[in-house]
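Some notes on the structure that comes next.
The values are calculated or read from the model by the stated rules, or taken from the named source; none is laboratory data. No experiment lies behind these values; they were computed from the predicted model shown. In this analysis, Cβ positions are derived from the backbone assuming ideal geometry, glycine residues included, and neighbour counts consider all displayed protein chains. These accessible areas exclude ligands, DNA and RNA; they are computed on the full protein's heavy atoms, side chains included. Shrake-Rupley method; radii C 1.70, N 1.55, O 1.52, S 1.80 Å.
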Amino acid sequence: MLSPMVAGGVVFPGLFLLSKNTLQRLPQLRWEEADAVIVSARLVSSVQAIMASTAGYIVSTSCKHIIDDQHWLSSAYTQFAVPYFIYDIYAMFLCHWHKHQVKGHGKDEGGAGSPGGTWAVARGYLHKEFLMVLHHAVMVLVCFPLSVVWRQGKGDFFLGCMLMAEVSTPFVCLGKILIQYKQQHTLLHKVNGTLMLLSFLCCRVLLFPYLYWAYGQHAGLPLLSVPLNIPAHVNLGAALLLAPQLYWFFLICRGACRLFRPRGPTPPAPRQPPGLHDGPQD
C-alpha cells in the first residue's frame, strides 16, 4: 500500500514545483510568483483529473460483473491519489495567499507575513474554501478507508465510475484561470464554460442516478425501487456525496447565465441640471 502513496506524495508536489519554477525562469515567460503558483496549482489539478478519469474509465469498462469483478487500478490509483488531496489543500491556500497579497491586503495589520496576518489569511481561506477543504478531508479520512477496507474488493465498477467524475475538473481549472486573467469575453471562455457545464452535469450530477440504474439492471430492479432495496447507509453516503455536487452545479449554472445573458445597450447617463456638477465640465 505504501508504494502508490509514496509515489503520489512525490509526483503531485514535484509537478507543482517543476511547473512553478519553469514559469518563473523561462526567458520567454518569467512570470511573477503569484501567477506561477496559481497556474501551476490548476495544472496539477488538471493532470490529476486526467489520470483519475482515465483510470476510472479503464476500471469501469473492464468490470463486466459490477459487484465481483476487480481491477488492480482501482486500489492502486485510490492509494496514489490520497497525497494529492492533502497537497491540494496546501496548494489552494498558497493561491489564496498570493491573491491576498496581490490585492494589497498583505500590507494591512502588519503584513501577511506576521503571525496575526497569517492567521487572518488562513481564516479567510477556510471561510472561502470551506466546502472544498471539507470535501478533500472527507476523501482522505472517510472515502479512502472505506474504499480500501470496507469494500473488501467488491464494487470496483462503481469506484471506477466515481473516478470518472474528474472529467469536468480540467474545464473548471481553465475557467478559473481565464477569469483570473479577465478573459471572460473570449470565445475560449464561452466554449470552455459550455463544456464545463455539460461535463459536470453528466459526470458528477447524473453519475449518481446512473449508478443506481446500473445496480438496478444487475439486480433486476426498476430504478425507483433501488433505494428501497439497498442498505440505508449506502443511500446516506450517496446523498452526502451528491449534495456538494448539486451546490457547485448551481454555481456553474448561475455563472453560465451571466456569461450567456445578452447584454443590452448601456443606458446613457442622465443629464444633470446646470449648476449641480461637482467638478468642472469638459
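Results, tabulated for the structure shown:
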quantity	calculated
Residue-averaged 222 nm ellipticity for the chain, from DSSP H runs of 4+ at -39500 (n - 2.57), nearest 500	-22000 deg cm²/dmol
Dipole of the chain, positive direction: furthest Cα of V191, L241, C203, with charges on the beta-carbon	V191
Accessible area expressed per residue, region 168-260, with surrounding protein chains retained (probe 1.4 Å, Å²)	59
Alpha-carbon Rg/Rh ratio, for region 168-260, with Rh computed the Kirkwood way	1.13
Most mobile listed residue (F250, F208, F157) in the chain, GNM with C-alpha springs under 10 Å	F250
Between 0 and 90°, nearest 10: helix 2-25 axis offset from the chain longest Cα axis	20
Probe 1.4 Å - accessible area at M164, Å² to nearest ten	50
Out-of-range pairs (alpha-carbon distance over 31 Å; input K64/K190; K154/K190; K99/K190)	K64/K190; K154/K190
Rounded if a/c under 1.5, otherwise prolate or oblate - region 111-200, Cα gyration tensor axes	oblate
Three-way shape call for region 1-52 based on the alpha-carbon gyration tensor, with the a/c threshold at 1.5	prolate
Accessible carbon and sulfur surface of the chain relative to its total accessible area, %, 1.4 Å	68
Farthest positive-ward along the chain dipole, Cα basis, beta-carbon charges - from P227, W72, Q101	Q101
S3 versus N235: modelled label distance in nm, points set 7 Å from Cα along the beta carbon direction	4.3
Relative contact order of the chain, defined on C-alpha pairs under 8 angstrom at six or more residues apart (%)	21
J(HN,Hα) series, region 86-100, from Karplus relation 6.51 cos²θ - 1.76 cosθ + 1.60, nearest Hz, glycine and proline x	5, 4, 5, 4, 6, 5, 5, 5, 4, 4, 5, 4, 5, 4, 4
Rounded to 10°, Cα long-axis angle of helix 187-200 versus longest principal axis of the chain	30
Point-to-point label distance, Q28-L126, nm (Cα→Cβ direction, 7 Å offset)	4.3
Rounded to 10°, Cα long-axis angle of helix 232-260 versus longest principal axis of the chain	30
Relative contact order (percent, whole number), region 168-260, Cα cutoff 8 Å, 6+ residue spacing	31
The chain - convex hull of the alpha-carbon atoms, volume per residue in Å³	219
